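The structure appears right after this line, and notes come after that.
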Amino acid sequence: MDIVVIEDNDSLRRAIARSLSDVGYRVSAFSCAEEFIEDPQSNDPNMLLIDVNLPGESGLSLTARMRRLQPRIGIIILSGRAKPADRRDGYEMGADIYLTKPVDPEELNAAVRALLRRVALPREPELEFGIDLKARRLHGPAGKVMLTGAETAVLAALARAPDRRLEAWQIAEVLGSDGAVASRNTVNVTIFRINQKIMETGADERCIRAIRNWGYSLSIQIGIAG
């Protein structure tokens, strides 16, 4: 598996690349988005690890661009920004996983393994359901419905998560604002409304289900565009 690390901190970039190389991945490392884009040898990796605060093109901009160009690529954002709003921005731009610095090497390796399991799956037929992130719209066999910003962020995060499962605290962080984590009631209400909208577009039953004392799982595959 080929992994690209894009991080402007020299020592951190070398440490991440070495950690991943030591467990058998082929790793290329760059200090900015422009170096990565201009390198002809790194145009088809399985996964990107992207720092948010890059010189030149930002990590969020690069994330959105690569998600459009390669919808199936795995993307992990590494950031010192830990506020829920920052995480939500990362997921809306196309990240599969958002990790805050300093990143524990074992957690990073576990996240890479989990995401690569999804990336390595055989290509699937065209999906019946999809989200347009820019338009904040969900479409399915029975039509289209508009989503709120919060609903869009949560549904996209679930759709991209390994095994389409997120812990309750992860959803609470996606829904939070101004550094505060959303309440359990806010999470429950948001999940209920998303389920209603998925059924409006053609699902036969609730597609987001609670996992007792853990979190939530999404039972259908949803394409993501925008």
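Some values worked out for this structure:
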quantity: Hits in the stretch 1-60 - residues which are assigned to a strand (DSSP E or B) and under 13 Å from residue 78 (Cβ atoms); calculated: 3, 4, 5, 6, 29, 47, 48, 49, 50, 51
quantity: Tally of residues being outside any helix (DSSP H, G or I), touching an Asp or Glu at 6+ places or on another chain (Cβ under 6 Å) and over 18 Å from residue 5 (Cβ atoms) across the stretch 74-96; calculated: 0
quantity: The stretch 152-165 - residue that is closer than 14 Å to residue 197 by Cβ and touching a strand residue (DSSP E or B) at 6+ places or on another chain (Cβ under 8 Å) and, of those, surrounded by the fewest Cβ atoms within 10 Å (Cβ to Cβ); calculated: 159
quantity: Selected residue (criterion: nearest to residue 86 (Cα to Cα)) from residues of the stretch 25-55 that are loosely packed, with under 13 Cβ neighbours inside 10 Å and modelled with pLDDT of 90 or more; calculated: 55
quantity: Any hit, the stretch 170-191, residues being exposed (fewer than 14 other Cβ atoms within 10 Å of the Cβ), outside the structural domain of residue 77 (by TED's automatic domain parsing), touching a residue at least 24 places away in the same chain (Cβ under 8 Å) and outside any loop (DSSP other than H, G, I, E, B); calculated: yes
quantity: Search result, residues across the stretch 31-62 that are over 17 Å from residue 118 (Cβ atoms), in contact (Cβ under 8 Å) with a residue 24 or more places away in the chain and either touching a Gly at 6+ places or on another chain (Cβ under 8 Å) or basic (Lys, Arg) (or both); calculated: 32, 33, 50, 51, 52, 53, 60
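The values are calculated or read from the model by the stated rules, or taken from the named source; none is laboratory data. Computed from a predicted model, the values in this text were never measured in an experiment. Here Cβ is always computed from backbone atoms with ideal geometry, including for glycine, and neighbour counts include all displayed protein chains.
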